[in-house]
Every structure is written in structure tokens, then in C-alpha cells.
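A.B. asks: Structure in C-alpha cells, see below.
The values are calculated or read from the model by the stated rules, or taken from the named source; none is laboratory data. As the structure is a prediction and not an experimental result, all values here were calculated from the model. Reconstructed Cβ throughout: ideal geometry from the backbone, glycine too, with neighbour counts over all protein chains shown.
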Amino acid sequence: MNARLYLPLVSKLTISVPGGTRVCISHLSSNQFLALVLLFGLPVLCCQAQQQAEPACQKGVLIELRGIVSPRMEKYLERKLERARSLGADLVVLDIDSPGGYLDSSLNIAARLRDLHWAHTVAYVPREALSGAAILSLGCDEIVMAANARFGDAGPIFQGPDALFRHAPEKIRSDLARQVRDLAEAKGRPPALAEAMVDMNLAVYRMTNTQTGDVTFMSEHEIRNLDDPKRWTKGKLVFESREAKFLEVNGRRAVELQLASAVVPDRAALDARYRLQQPLIILSRSGVDTAVYVLNLPIVTGLLFVVGLIALYVEVSAPGIGVGGLTAGLCFTLFFWSRFLGGTAGWLEVILFIAGLVFLGIELFVIPGFGVAGVTGLLLLLAAVVMASQSHIITESSRDLTTLTNSLLVVFGAGAVFVAAVAVLTRYYGSIPLFNRLVLQAPTGDGQQVVDGGARPMDPASDGPVQIGDQGIAESPLRPAGKAIFHNDYIDVVTDGSFVEAGRPVRVIQIQGNRIVVREFEGASE
């Protein structure tokens, strides 16, 4: 608009000055008009210029959060946030579709998002974010939703001994109410509505400031404790917060209640809302994330234990750092690595596991008999494995009990399979196709030894310290590996599967490379 059109229009305008007097602009002198423009117009122009100069987000990333909120999701999100930061993102969008999950993980994620200052965080809810998923969304700077998406209903529940779900005790609900109020207040959302998501008996009302016209939402307790109640007009009850109902709303209603910032139908609308210069970068699941998920499956965990224990048995039966020792180390390393990234294990579990192996080693090779060291080693191994498979130490609910039961079933199931495998290996070690290539076969009666199915004459110079039929004394308990004395020499031996006490006579029944198999017999050694 040019000056000729603008001045006739503004000359007909009037303004209010302090005291309630209205003054027509056409009655002002030129100096007064200039002062008026400087006083009222300049701040408005500056504000508009600031809004126009506000930069759009330079780079945005989108992280999908699907399924149950758990320690595994917590660690997954931490890895993706670090990846987003390394990419230089200034916008992080969490695409949330979850029915909820573990309360501790939900609160931990919410606190992490609340304290994240290097990027603008947005919780995008296309379908549902209920219970723990709604709580973690409160930690974001903004919540945007599809029109019919569901949000809220975050009342804490637990499963009783009869497998029925019940509301958590008042102590837990009171603490949770305080935490969700703090999360909502930190991001400028009505704390009373956040509390109504976890308190089914909290009634929330629409409140209007009589001086400014601002609208907010308060509970009865907040209304009674207002410093200046006359400044506020109490409106209607928020229908979703009626008695015996946890607050749950759809996207349109969440915007009306100031819980959400906008209704966003799809991802394309997200790009437009934040004026992104390039589409959102999707941080999808990587190979590491998939490996962590697969390795945390109970059947895969059990398989790791079975293979690791069998490999350890093979290594003990044929001493030396070989294929068995490397395979066992790989299996146990994969187990703890997957638990580290899955959020259920820490260094304590690793230390307990190593201590258990040390105690068992002492029992097998240092202290005769199966006593305190052996029992302690087994208990430490069991504790390490069970603790690494779950996020809690003390069982407080039926869900915790179910997790503990599943962990024990995996451990004892793997142990049973291991015992059966050891029995088969002990009996058929030299004839199993995979293992018969790792060691030499026993000498034949005609002075030959079998190598890979073929016979060749034995070299007398290669004779070992013992021969088949030699008799000796078990120096240590053989369970099944240990030491025995033959011709005043200490020899590493292994039994054919039976237990032999220290001091009992034994006879060599088979020689496979450096693996010497013995069996107890009645009579004195010659």
C-alpha cells in the first residue's frame, strides 16, 4: 500500500490511551503522529521481521518407535539419538506407535528427551501412543498427531497372582503423578491433564483468565489454591477426565486441550510444517539392531549356551586354546554383548560370570573334590546369566516373575541339552564326523593308526607317554577331565563319562591324539 492510500485510511482510525480516552489520529500533529508510529508501529514491525527471519530446520531425522516400551527400546533410541547428533540434525521426530510398556523405561526416555537441547524434538503419533508411550511423548518439545490417533490412558497397572491386572498402589500413582506433571510443565502443557492420564479420579476443568482471555485447564485442588481466584472463570468439566476414567483423547481433542500442537495427517505434512529443506532422514533399524533383537530371543539364547558349553567341554577334554575355547568365548561374548545393547546387562553381570568360571577352574584343577568352590562357581554363573536376561533384580510383580521364570527355563533347558550332548560326545567323540578330523584316531592292533579314514604305520619315535592298557592312579577327581599318574608322570586325562575319585586306579582305554581316555577298574596299579 502506497502513502496516498495509507494516510487517508489511518486518518480515520482512533486509539485508546491510558485512562480510557479514545483519540482520533487525524487530530494529532505530525510530531505526535510520528511518535505514535515509533511507539506502536516499530515493535510490531520488529516482531514481524523476527518471525519472518526465524530459520527453518536445516536437517531433520525420523526415528520409528514401535511395539512395547522396554529397556531394549530405551537403548535403541539412545543409539539413534547419537546417530542423529553425529549427522548434525536440528530436528528429531519420533514416529510413535505403541500401546505402552515398562514404566521405568518410559520415564527414562521422557527425561532423556526433556533434557535434549541440541535439537527440536517432536512426538508424531499416527495411530496410538498409550500408557508408557504417552508418558515418553510428554518429554518432547511438541506433540503432533493424526486426527483420530489415540493418546493418554497411562494409569500404572500390575498383574496379580491370579493373572488379572490391577491398578498400582497409591504410593506408585502419587509419585508418577508428580513426575508427569513436571514433564508437562517443562514443555508448557497443562499439568492437570497430564496427571489425569495417570489418576482416574482427577477432575479437570477449563479455566479462562478474565483479564487476558487465556485458557488453561486445572484440577479442583489447583483451583482452590489459586493466588487470585477472581481473575479466573471456571468453565466446563473436561469430559475425558470424568470419574473412574483415565484421560484418553484423539488428535483433534488433544489440540483443543493444549496437549498436542497440531493435527498432522502424514509425514509429508511434517516436512511442510517444519519447512524442511530436504525430506526427513529415516533412521531405520540397522544390522546391529536386528542382531540384538535376534540374540535376545529365548531360543537363540538357549542355543548360544548349548554351543558355548559344549565347546567349553571339548576344550577342557583336549587342553589348549583351540577351536573349542574360541567358540565358547564367542558364544558367551555374543550373549553379553546383546544384553548390553538390549539394556538388561552391565559390567556386574560380566564380573559375576568371569568369577564363576574362575571358581569352577579352581574346583576342577586345584582343589580335589566337589565342594564350596564348585557350588559357588555354579551359583555365580547362574546369577550372572539370569541377571543379564532381565532388567530387574528383585521380583516385584507377576511380570517380573514371568521374566524370571523364562530366564530360568532357558538356563536349565540349555543345561539339560548340554548334559545329553556330553553323554553322546563322550561315547562317540572319535566317530562323529565333525570331531574325528580334530584329533588322531587310536592306534590299531597291527601297529598302525587311522588318520582321516586311512591307515599308515606308526612311528615308534612318536609314541606318547602312555599306551592303551597302561594303568595309573587318578591324582585329582575326574569329572570327567583331570590328572592321573602313569609311570611317575602326571598326565591330563578324561574319563569315558563316569566320575572317578582321586586316588582310584584307572586304565587307559583309548588314545585320540593328545586326548587320553581312561576308565576306573578294581585292583592295584602295576
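A.B. asks: Of all residues in region 267-317 being part of a loop (DSSP other than H, G, I, E, B) and among the charged types (D, E, K, R), which is farthest from residue 356 (Cα to Cα)?
C.D. replies: Going through region 267-317, the residues part of a loop (DSSP other than H, G, I, E, B) turn out to be 274-280, 284-286, 296-297.
Now narrow it down to the ones that are among the charged types (D, E, K, R): 275, 285.
On the way: 275: 57, 285: 35 Å.
By that ranking, first place goes to 275.
A.B. asks: Just give me the residues in region 124-147 being more than 19 Å from the chain's Cα centre (by Cα), touching a residue at least 40 places away in the same chain (Cβ under 8 Å) and in a loop (DSSP other than H, G, I, E, B), in sequence order. Please lay out each step first, then the result.
C.D. replies: First, the residues of region 124-147 that are more than 19 Å from the chain's Cα centre (by Cα): 124-128, 138, 140-147.
So of that shortlist, the ones also touching a residue at least 40 places away in the same chain (Cβ under 8 Å) come out as 124-126, 138, 140-147.
Those that are more than 19 Å from the chain's Cα centre (by Cα), touching a residue at least 40 places away in the same chain (Cβ under 8 Å) and in a loop (DSSP other than H, G, I, E, B): 126, 138, 140, 141, 146, 147.
A.B. asks: Shifting gears a bit: State the number of residues belonging to region 485-503 that are exposed (fewer than 15 other Cβ atoms within 10 Å of the Cβ), within 23 Å of residue 313 (Cβ to Cβ) and more than 45 Å from the chain's Cα centre (by Cα).
C.D. replies: Count: 2.
A.B. asks: Would you mind finding the one in 469, 482 that is out of contact with any Gly (no Cβ under 7 Å at 6 or more places or on another chain), modelled with pLDDT of 50 or more and surrounded by 12 or more Cβ atoms within 10 Å (Cβ to Cβ)?
C.D. replies: Working: 469 fails: surrounded by 12 or more Cβ atoms within 10 Å (Cβ to Cβ).
Within the list 469, 482, the selection yields 482.
A.B. asks: Still on this model: Within the group 257, 295, which residue is in contact with a Leu (Cβ under 8 Å, 6 or more places away or on another chain) and assigned by TED's automatic domain parsing to the domain that holds residue 385? Before you say what the answer is, go through the steps one by one.
C.D. replies: Values: 257 fails: assigned by TED's automatic domain parsing to the domain that holds residue 385.
The match here is 295.
A.B. asks: Quick one: in region 162-209, of everything that is hydroxyl-bearing (Ser, Thr, Tyr) and modelled with pLDDT of 90 or more, which residue is nearest to residue 109 (Cα to Cα)? Steps first, answer last, please.
C.D. replies: Quick first cut of region 162-209, residues hydroxyl-bearing (Ser, Thr, Tyr) only: 174, 205, 208.
Okay, now just the ones that are also modelled with pLDDT of 90 or more, so 205, 208.
Working: 205: 29, 208: 33 Å.
Across region 162-209, the extreme among qualifying residues is 205.
A.B. asks: May I ask you to list the residues in region 342-356 that are out of contact with any helix residue (DSSP H, G or I) (no Cβ under 7 Å at 6 or more places or on another chain) and either in a helix (DSSP H, G or I) or in the same structural domain as residue 68 (by TED's automatic domain parsing) (or both)? Step through it out loud before you land on a result.
C.D. replies: Step one: filter region 342-356 for residues out of contact with any helix residue (DSSP H, G or I) (no Cβ under 7 Å at 6 or more places or on another chain), giving 346-348, 351, 354.
Correct list: 347, 348, 351, 354.
A.B. asks: Return the total of residues in region 185-209 being outside any strand (DSSP E or B) and more than 16 Å from residue 131 (Cβ to Cβ). Don't jump to the end; show me each part of the working.
C.D. replies: Here is the first cut: in region 185-209, the residues outside any strand (DSSP E or B) are 185-203.
Then drop every residue that is not more than 16 Å from residue 131 (Cβ to Cβ), which leaves 185-192, 201-203.
Residues in region 185-209 being outside any strand (DSSP E or B) and more than 16 Å from residue 131 (Cβ to Cβ): 11 in total.
A.B. asks: Suppose the filter is of a type in the set (S, T, N, Q) and at positive phi; does residue 131 pass it? Let's see the steps before the verdict.
C.D. replies: Working: of a type in the set (S, T, N, Q): yes; at positive phi: yes.
Yes.
A.B. asks: Of everything in region 70-99, what is in a strand (DSSP E or B) and either in contact with a His (Cβ under 6 Å, 6 or more places away or on another chain) or on the phi > 0 side of the Ramachandran plot (or both)? Give them in sequence order.
C.D. replies: Of all residues in region 70-99, those in a strand (DSSP E or B) come to 91-98.
Passing the criteria: only 91.
A.B. asks: Determine, yes or no, whether residue 354 is modelled with pLDDT of 80 or more and farther than 30 Å from residue 69 by Cα. Steps first, answer last, please.
C.D. replies: On the way: modelled with pLDDT of 80 or more: yes; farther than 30 Å from residue 69 by Cα: yes.
Here the answer is yes, as residue 354 does meet what is asked.
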